[in-house]
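Here's the structure, in structure tokens; my notes come after.
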Amino acid sequence: MSALESLDVSAFTEYLARHEKKSLLRFLTCGSVDDGKSTLIGRLLYDTKLLFEDQLASLEKDSKKHGTVGEDIDFALLVDGLEAEREQGITIDVAYRFFATDKRKFIVADTPGHEQYTRNMATGASNSDLAVILVDSRYGILTQTRRHSFIASLLGIRHVVLAVNKIDLAGYSEDVFNRIVAEYKAFAADFGFHTFQPIPLSARFGDNVLERGPNMPWYTGPTLVEHLETVDIEQDLVAKPFRMPVQWVNRPNLDFRGFSGTIASGLVRPGDAVVVAKSGRSSTVKAIVTHNGDLPEAGAGEAVTITLNDEIDISRGDVLTAPDNRPEVSDQFAAHLIWMADEPLYPGRPYLIKLGTKLVPGQVTEIKHKIDVNTFSELAAKTLALNEVAVVNFALSEAIAFDPYCEHHDTGAFIVIDRISNLTVGAGMVDFGLRRASNIHWQALDVTKESRAAAKQQKPVVLWFTGLSGSGKSTIANLVERRLHSLDRHTFTLDGDNVRHGLNKDLGFSDADRVENIRRVAETAKLFVDAGLIVLVSFISPFRSERQLARELLEDGEFVEIFVNTPLDVAEARDPKGLYKKAREGKIQNFTGISSPYEAPENPELTLDTTAYTSEELADQIVAWLDKREYFGAGSIFGDYSI
Amino acid sequence: MPVSKDRLTHLKRLEAESIHIIREVAAEFKNPVMLYSIGKDSSVMLHLTMKAFYPSKPPFPLMHVDTTWKFREMISFRDETAKRLGLDLIVHTNPDGKRDNINPFTHGSSVYTNVMKTEALKQALTAHGFDAAFGGARRDEEKSRAKERIFSFRTATHAWDPKNQRPELWKLYNSRVRPGESIRVFPLSNWTELDIWQYILLENIPIVPLYFAKERPVVERNGQLLMVDDERMPIASGETIENRLIRFRTLGCYPLTAAIESPAATLPEIVREMLLARTSERSGRLIDHDDSASMEKKKKEGYF
């Protein structure tokens with residue numbers, strides 16, 4: 001940069017104008033522990049003169065304290081940001097670095113090689129154009145090299161650099177390099193990478209990073225920086241059909257109604273016909289409004305506000321699209337899914353799906369197969385654990401617009417959010433829509449739930465008893481049903497043990513089967529509610545998520561969660577079926593409270609204290625509670641009855 | 001019409017990304033706020049915010065945590081900016097700190113920063129019940145910031161747990177929080193200091209005049225130049241106040257922000273000087289210097 005010093009201010013202004021026009025390349029580095037990723041990034045920052053004097057001073061100080069390369073500067077310390085990982089000497093989270101050359105500006109996602117943090121690599125890859133995959137010349141291709149290449153491919157990365165690092169420790173050997181490249185090509189042939197550039201380098205000494213150096217005259221390809229500066233990453237997003245997910249309806253006053261969003265693909269101009277993907281309503285573009293004035297056209301990647309010539313109903317989550325090439329609209333799709341949480345994925349469990357700007361409840365209906373990320377073979381699975389990848393079917397609570405991820409990243413990518421913890425637990429890529437949803441239409445029925453209920457003089461409701469085994473659920477539910485029956489109310493009881501003899505006899509007690517067990521019971525209870533009945537459900541139902549699912553299947557006031565609150569020691573002391581004894585002896589696996597968790601309700605409609613009241617008293621409390629809320633029609637059926 | 005290859009420059013891409021983030025927050029949170037620190041990064045963030053919602057006004061207020069030790073020119077710039085743009089501005093000062101006269105000279109930078117910045121910020125966020133707060137921090141500023149998410153989850157006590165951050169993929173930000181919990185949002189995460197200056201130049205964004213060189217009264221202390229902004233600054237015997245041609249690369253509280261000697265009085269001169277500089281931006285900030293992990297500690301406690 002010393003040339004800068006000779007520029008006067010006007011020449012410098014021209015220099016700046018040139019540099020404003022640089023393009024941007026986002027890439028990630030990945031490899032196994034000790035392949036030298038951090039060292040490579042430190043070297044890039046150092047060689048492109050992005051280090052300042054005080055950072056160098058701090059680096060020299062830290063090198064003496066934590067460094068692993070003797071008296072030399074340890075470049076890895078520059079990028080290993082967090083205290084904990086400096087102590088452990090490993091990178092445990094994605095870090096972003098920035099550098100620039102005269103041709104391009106770069107954002108680097110430094111992603112960890114440590115096995116349990118693979119989810120971070122997917123995170124880094126999701127926003128990258130290119131992957132630099134490091135291997136150590138001494139060890140060649142490792143399991144993790146295969147895994148990282150697979151994930152890069154899964155996330156749609158089309159450009160790969162194979163950085164054969166520490167070539168100095170392999171005597172700068174051409175044979176070693178050629179052997180590693182051949183081995184890599186053999187397994188990565190099907191990954192669909194558009195460009196593949198192997199480079200032998202030494203991050204520690206700088207060979208083939210920025211400068212070529214004297215040690216490998218046999219290598220005639222580009223250096224790493226030369227390649228990064230020139231690789232053509234253009235995906236031609238603007239040549240694809242127009243898509244814009246609406247983020248925010250812009251309505252400053254009654255005269256202006258605009259739709260703000262980032263254009264995912266294609267181009268748009270005033271006068272263009274556009275369609276709302278889901279509703280099929282159409283209009284034409286009136287103007288492309290920005291703070292800097294209306295635009296004659298806007299394309300992929302631009303954040304704009306579009307106004308239309310017709311008043312049509314559009315809200316956040318809708319996708320504006322070209323009329324002749326529309327996204328799919330369905331409430332079911334097949335997708336690749338990466339699981340990112342310690343808590344496993346269970347088919348049937350309700351989650352939230354965020355795709356584009358749309359947030360909808362949804363669930364995995366089926367795991368088609370898992371993919372072993374090391375061997376790429378397909379495996380059967382009932383659940384998905386942290387860092388596992390699978391092909392699954394999703395069902396959503398409403399139809400949404402989407403594209404296959406391989407065609408449109410922005411309208412084909414989604415995240416999965418846990419409804420209780422709010423954590424981001426999965427990342428998905430849509431493969432294709434499933435047509436079943438559009439072929440099964442609701443049959444309209446003339447006799448409605450309301451008319452059936454009115455004939456019975458009651459409001460249909462599910463009384464959902466949850467609690468530990470032996471807490472008293474079935475006993476109390478039975479007493480409540482007897483009282484209701486004697487009052488001429490129409491009831492039905494779904495009992496956990498009884499249902500497992502029939503409808504659910506194919507299910508066991510694993511967490512995945514428990515989720516499916518409750519899903520079926522919840523759906524069955526809903527059918528009885530539609531029939532106008534008061535339904536008593538007596539199930540341990542240990543997970544909040546599934547009770548929430550049941551609640552959401554029903555309308556407001558149709559789900560009454562009754563927590564039969566009996567402490568574990570009391571239930572175990574009662575042990576009416578001798579099950580606790582067997583569980584303690586290890587004869588029953590996955591026993592709730594002993595070897596499987598029970599998640600107590602946070603806001604149940606009723607909590608029953610079985611240590612303070614008898615089952616009869618508690619049954620009376622429930623009937624009185626229902627009467628007070630007019631489940632038996634207006635006015636108390638008991639007159640001055642009280643408990 | 002042929003489509004050119006690099007349609008968007010890196011600044012256009014950064015601008016679009018930031019606007020997208022800012023709009024997501026407005027659309028998904030109930031009660032967001034923008035932390036406005038008056039510096040150049042805040043000026044850029046505010047400019048992007050005006051763009052994001054145009055022709056509407058931003059649907060959230062600005063908030064400034066006033067330590068009472070900001071440069072006077074910063075405060076007048078703050079008030080003029082809010083007025084010029086017609087925005088709601090909330091100003092909060094920690095009443096306990098004010099009562100006890102907590103200041104950087106007698107209490108040291110660590111206690112002072114904790115009481116007047118971190119605690120004050122937490123008080124204000126809790127009092128207003130904000131579920132999202134924008135900050136102008138960039139990943140290139142400091143090592144622990146390089147791992148920060150764009151949507152950074154904070155517990156109900158405003159704590160940051162670097163090991164328990166949500167994965168963040170594509171442009172899909174998870175804004176789900178329980179009551180009391182919040183998200184700090186950093187729309188400038190991917191900007192560098194040079195990007196900020198180039199964008200200010202390109203878009204003609206107003207910034208506090210302290211960034212431009214001028215003769216100002218300073219004392220030299222521990223090898224750093226501190227500006228004497230008001231009479232509260234204690235002057236030790238042996239120290240002399242002298243007028244020097246100085247400017248600031250970064251702005252904070254005047255006793256904690258060192259000036260540099262510089263003749264750069266225009267934006268191109270500032271950018272040129274920055275490119276030639278061999279000292280990084282935050283070295284003018286005295287609070288980072290205790291040890292190299294001190295920012296991480298402050299962030300865990302709830303500092304931005």
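The values are calculated or read from the model by the stated rules, or taken from the named source; none is laboratory data. Nothing here was measured: the structure is a model prediction, and the numbers come from that model. In this analysis, Cβ positions are derived from the backbone assuming ideal geometry, glycine residues included, and neighbour counts consider all displayed protein chains. These accessible areas exclude ligands, DNA and RNA; they are computed on the full protein's heavy atoms, side chains included. Shrake-Rupley method; radii C 1.70, N 1.55, O 1.52, S 1.80 Å.
Things to note:
- Placing unit charges on each Cβ (+1 for Lys and Arg, -1 for Asp and Glu) gives the protein assembly as shown a dipole about its Cα centre, and among B:L201, A:L396, A:T48 the Cα reaching farthest toward its positive end belongs to A:L396.
- Applied to region A:499-510, the Karplus parametrisation 6.51 cos²θ - 1.76 cosθ + 1.60 on θ = phi - 60° returns per-residue 3J(HN,Hα) values of 5, 5, 7, x, 3, 10, 6, 7, 9, x, 10, 5 Hz, with x for Gly and Pro.
- For the set B:H128, A:H485, the ranking by accessible area, highest first and with no ligand, DNA or RNA atoms included, is A:H485, B:H128 under a 1.4 Å probe.
- Here the 3J(HN,Hα) profile of region B:43-60, calculated from phi with Karplus coefficients 6.51, -1.76 and 1.60 at θ = phi - 60°, is 4, 5, 4, 5, 4, 5, 5, 4, 5, 4, 10, 3, x, 6, 7, x, x, 7 Hz, Gly and Pro shown as x.
- Spatial separation of Cα centroids for region A:220-289 and region A:539-581, in angstrom: 49 Å
- On the basis of the beta-carbon distance and an R0 of 41 Å, A:E183 and A:H369 show a calculated FRET efficiency of 0.95.
- For region A:449-628, the Cβ-based charge dipole about the Cα centre amounts to some 500 debye (Lys, Arg positive; Asp, Glu negative; other atoms uncharged).
- Computed over region A:237-321, relative contact order equals 37 percent, with contacts defined as Cα pairs under 8 Å that lie 6+ residues apart.
- Student exercise, the protein assembly as shown dipole from Lys, Arg, Asp, Glu Cβ charges, in Debye to nearest 20: 900 debye
- Its Cα gyration tensor gives chain B an equivalent ellipsoid. The semi-axes, each the square root of 5 times an eigenvalue, are 30, 25, 18 Å from largest down.
- Database remark: amide H of A:N250 closer than 5 angstrom to the amide H of A:G258, A:F259, A:S260 (H placed geometrically; neighbours at sequence offset of 5 or more, or on other chains; Pro and chain starts carry no H).
- Distance cut-off 50 Å, percentage of C-alpha pairs in the protein assembly as shown lying past it: 30 percent
- Computed over neighbours whose Cβ is under 12 Å from that of A:A298, the net charge equals -1, Lys and Arg +1, Asp and Glu -1.
- Mean per-residue shielding of peptide A:11-23 is 5, counting Cβ atoms of other chains within 10 Å of each Cβ.
- Modelled this way, with points 7 Å down the Cα-to-C-beta line, the labels at A:L169 and A:A612 are 6.7 nm from one another.
- Contact order, relative form, for chain A: 8 percent (alpha carbon pairs under 8 Å, 6 or more residues apart, mean separation divided by residue count).
- A straight line joining the Cα centroids of region A:303-345 and region A:478-512 runs 41 Å.
- Cα long-axis angle, helix A:615-628 against chain A (0 to 90 degrees, to the nearest 10): 80 degrees
- For the protein assembly as shown, with +1 on Lys and Arg beta carbons and -1 on Asp and Glu, the positive-most of A:N387, A:G258, A:A182 along the dipole: A:G258
- Degrees, to the nearest 10: A:174-188 long Cα axis against longest axis of chain A: 30 degrees
- Positive contributions from Lys and Arg (+1) and negative ones from Asp and Glu (-1), summed over other residues with Cβ under 14 Å from the Cβ of A:V461, come out at -1.
- The order of B:F153, A:F99 by accessible area, most exposed first and with a 1.4 Å probe, is B:F153, A:F99.
- Rounded if a/c under 1.5, otherwise prolate or oblate - region A:495-618, Cα gyration tensor axes: oblate
- Integer Hz, Karplus 6.51/-1.76/1.60 couplings in order for region B:62-68, x for Gly and Pro: 9, 9, 10, 8, 9, 7, 6
- Label-zone membership for region A:387-402, site A:E523, 7 angstrom Cα→C-beta point, backbone N under 15 Å: A:393-397
- Signed unit charges on C-beta, dipole axis of the protein assembly as shown, positive-most listed residue A:G124, A:Y351, B:T266: A:Y351
- Relative contact order computed over region A:439-521 (Cα-Cα under 8 Å; 6+ residues apart), in percent: 15 percent
- Which listed pairs, of B:K40/B:K117; A:K358/B:K57; A:K185/A:K370, have C-alpha distances above 22 Å, in listed order: A:K358/B:K57; A:K185/A:K370
- Pairwise label distance in nanometres, B:K57 with A:E20, each label 7 Å out on the Cα-Cβ vector: 3.0 nm
- Estimated dipole of region B:1-113 in Debye, rounded to 20 [Cβ of Lys and Arg +1, of Asp and Glu -1, Cα centre]: 340 debye
- Peptide packing for A:171-182, A:202-213 was compared via the average number of neighbouring C-beta atoms within 10 Å per residue; ordered from the highest value, the list is A:202-213, A:171-182.
- Across A:K368/A:K505; B:K51/B:K147; A:K577/A:K628, pairs whose alpha-carbon gap is larger than 31 Å: A:K577/A:K628
- Taking amide H positions as modeled 1.01 Å from N, with prolines and chain starts lacking one, the residues under 5 Å from A:D207 and 5 or more places away or on another chain are A:S202.
- Helix-only [θ]222 nm of chain A, DSSP H runs n ≥ 4, -39500 (n - 2.57) each, per residue, nearest 500: -8000 deg cm²/dmol
- Accessible heavy-atom area order of A:K22, B:K98, highest first, probe of 1.4 Å: B:K98, A:K22
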